[in-house]
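For reference, the structure is listed below as structure tokens.
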Amino acid sequence: MKFIENSDKGRRYGKTLNGSHFIDGKDDQGSGREQFSSPNASDNNDIVGTFPIADESDLKRAVGAATKAFEKWSQTPAPIRGEVIGRFGQLLLQNKEILAWIVTREVGKTKREALGSVQEAIDTAQFFQSEGRRLYGQTVWSEMRNKECMTYRRPYGVVGIITAGNFPIAVPSWKIIPAVLCGNTVVWKPSEDAPTIGYLFAKLFQEAGLPSGVLNVINGLGAKGTGELMIKGIDKGYFQKFSFTGSTAVGRLIGEACGRQLQVPSLELGGKNPLVIMEDADLKKAVEATLFSCYGTGGQRCTSTGNIILHEKIADKFLSDFQSAAQNLRIGNPCLDSKAYYGPMINARFGEKFLEHFDMAKSDGAKLVLGKGRMTEQNKPKDFVGDAGAGFYCHPTLWEGVTKKMKIFETEVFGPTVNVVRVKNFQEALETANAVPYGLSSAIFTQSPQYMYSFKNGIDAGMTSINNSTTGAEAHLPFGGTKGSGNGTRESGVWVIDAYTKWQAVNVDMSGHLQLAQIDTENTGDGAHSSGAGNLKDYFSPTWA
Ligand code: UN1
């Protein structure tokens, strides 16, 4: 790996990686001259890595390498593919601290969350290592004698993958690991906010024994950049499957393009996740969990809570405890303060977007109870560690008096902000929880088995927590949403295997003569099960007999 002089003269954070694409098992500087750099989210003076921007010819080269590698990789026994993934998991584990450090440095996650997000990739590798020894098909009875039937899972071919910056190692692992385990090859564009961790991911996978061309990484920007070229590549027939995590708007574009190719993409999109607190909830636990649900990761998870739905009986008490806890959150540069509760916005683009919601909520008529926008040296919290102006740090924000009719109620805002909606009873809570155009995750706090039961049955969401945060899905359970949150595909666990394989039904006829299905079966037309509808014969024409 090559490094260059870091622009952060204090060199507090480490070297700057002179990064590249990774095509056909080799570092590749690409054909274009354009470069971009990935700054430290918490301190923009530090550059984590610099990367070339891929153009159409780089993309084509990556697709060519993946297409070529597919021939061999798809025929490699699945248990051997699983072994490579197992070794990759071990390498991730051995390098957990350093990878977590890069996640913290590049996207500003706190230490415990960065370690957790690397762990999520390790968990995924461990799960799919042994899935290579299963990847079951079935043997199935034929309706005729001396004939047997069976099913096989077959890989699609080249998978195009675009991922977001907020989970730059966990979410790529959810896609890339099962895709290659199933025998596909991959062209991946990591988020431009986290290319360094993407590059290290690919290098470690190679070290684990992944053959050249099975995973190719190309870098660049999203809109009007390499991401857009990838999406255009769907119509050019570059990919046999596409997988995307990001905004609902871009997900729709990908869905349209894949629809034209008669492909089903995997789409993990936005959320406006409801968290209900009923009158019988354990309020202490609810406050602690809701705090993380809303403000953990600076609210930059697709599973972060968007609306707290409060039973009116406990609303005042909950809000006063929640508000004072939120006011005392320790925020700062997580590279320098390992105890920070949350760090900066991933970058200024996320920060500016976050600030836009203030006008929306105000014109809706919502009441701002907490939140002062962007932090500055003048208005940062007392225990803030770091330079507030060197990243894009935002104050925790809370809106009261929000109703179902407001735009802010249904618009996803990535960042540390949440709305409060008061309700009178369970029915109203459930209706409110379901009234958003998304259905990713959801949560209820209650001690009542009846509420728990009715909530999990009535909520339209892919994931539901009972007495836990809306965030924090585990790596072996199905992850994905309903409505605007996705197209019904799921990541993780055994369920994701359906996304990266197509079924083939095979029949083998050993009878020595032609037996036609439905026609030459033994029971056809023997009338043994006559239902007495004899008069139907009146409709029959003897000329046909
Ligand atoms: C995302 O924000 O895209 O469930 C993924 C969670 C994490 C993954 C979030 N395990 O919050």
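The values are calculated or read from the model by the stated rules, or taken from the named source; none is laboratory data. Computed from a predicted structure; not experimentally measured. Positions of Cβ are generated from backbone atoms using ideal geometry, with glycine treated the same way; all protein chains shown enter the neighbour counts. What goes into the accessible areas is simple: the full protein's heavy atoms, side chains included, and nothing from ligands, DNA or RNA. Shrake-Rupley method; radii C 1.70, N 1.55, O 1.52, S 1.80 Å.
Is it fair to say Val107 is β-branched (Val, Ile, Thr), more than 12 Å from the ligand (Cβ to nearest atom), crowded, with 24+ Cβ neighbours inside 10 Å and in contact (Cβ under 8 Å) with a residue 24 or more places away in the chain? No, not satisfied.
Scan Phe426, Phe455 and give me the residue that is open to solvent by less than 10 Å² (accessible area, probe 1.4 Å) and more than 22 Å from Leu269 (Cα to Cα).
Working: Phe426 fails: open to solvent by less than 10 Å² (accessible area, probe 1.4 Å).
Of Phe426, Phe455, the one residue that is open to solvent by less than 10 Å² (accessible area, probe 1.4 Å) and more than 22 Å from Leu269 (Cα to Cα) is Phe455.
The listed residues are Ser511, Ser442, Ser485, and the only one of them that is open to solvent by 20 Å² or more (accessible area, probe 1.4 Å) and either within 16 Å of the ligand (Cβ to nearest atom) or out of contact with any Phe, Trp or Tyr (no Cβ under 8 Å at 6 or more places or on another chain) (or both) turns out to be Ser511.
Can you find even one residue in the range 174-193 that is of a type in the set (Lys, Arg) and open to solvent by less than 10 Å² (accessible area, probe 1.4 Å)? The answer is yes, given that some residue of the range 174-193 is of a type in the set (Lys, Arg) and open to solvent by less than 10 Å² (accessible area, probe 1.4 Å).
So is Ser212 of a type in the set (Gly, Ala, Ser) and open to solvent by 40 Å² or more (accessible area, probe 1.4 Å) or not? Answer is yes for this residue. When the range 158-172 is limited to residues that are within 11 Å of the ligand (Cβ to nearest atom) and of a type outside the set (Val, Ile, Thr), the one that is surrounded by the fewest Cβ atoms within 10 Å (Cβ to Cβ) turns out to be Ala170.
Of all residues in the range 111-151, those satisfying the criterion of being under 19 Å from the mean Cα position of the chain (by Cα) and farther than 18 Å from Gly198 by Cα are Gln126, Phe127, Phe128. A search for C-beta distances below 8 Å between a residue of the range 65-88 that is open to solvent by 70 Å² or more (accessible area, probe 1.4 Å) and any residue that is part of a helix (DSSP H, G or I), counting only pairs 6+ apart in sequence or on different chains, returns Glu83/Gln129. Applying the set (1) touching a helix residue (DSSP H, G or I) at 6+ places or on another chain (Cβ under 8 Å); (2) open to solvent by 40 Å² or more (accessible area, probe 1.4 Å); (3) within 16 Å of the ligand (Cβ to nearest atom) to Arg153 leaves exactly one unmet item: (3). Would you check if Thr432 is open to solvent by less than 20 Å² (accessible area, probe 1.4 Å) and either away from the ligand (no atom under 16 Å from the Cβ) or outside the structural domain of Phe354 (by TED's automatic domain parsing) (or both)? Judged against the criteria, Thr432 is a match.
The set of residues from the range 403-422 being over 24 Å from Ala164 (Cβ atoms) and surrounded by fewer than 23 Cβ atoms within 10 Å (Cβ to Cβ) comprises Thr403, Lys404, Lys405, Met406, Val420, Arg422.
When restricted to residues that are away from the ligand (no atom under 11 Å from the Cβ), closer than 23 Å to Gly458 by Cβ and open to solvent by less than 20 Å² (accessible area, probe 1.4 Å), the range 264-288 contains 8.
Residue pairs whose Cβ atoms lie under 9 Å apart, sitting 6 or more positions apart in sequence or on different chains, and linking a residue in the range 335-354 that is assigned to a helix (DSSP H, G or I) to a partner that is exposed (fewer than 15 other Cβ atoms within 10 Å of the Cβ) and small (Gly, Ala, Ser), are Phe354/Gly373. Looking at the range 225-317, the helices (runs of 4 or more DSSP H) lying wholly inside it that each contain 1 or more residues that are within 23 Å of Thr397 (Cα to Cα) and among the basic types (Lys, Arg) sit at 283-295. Scanning the range 52-92 for residues that are touching a His at 6+ places or on another chain (Cβ under 8 Å) and farther than 30 Å from Glu131 by Cα returns Pro52, Ala54, Asp58.
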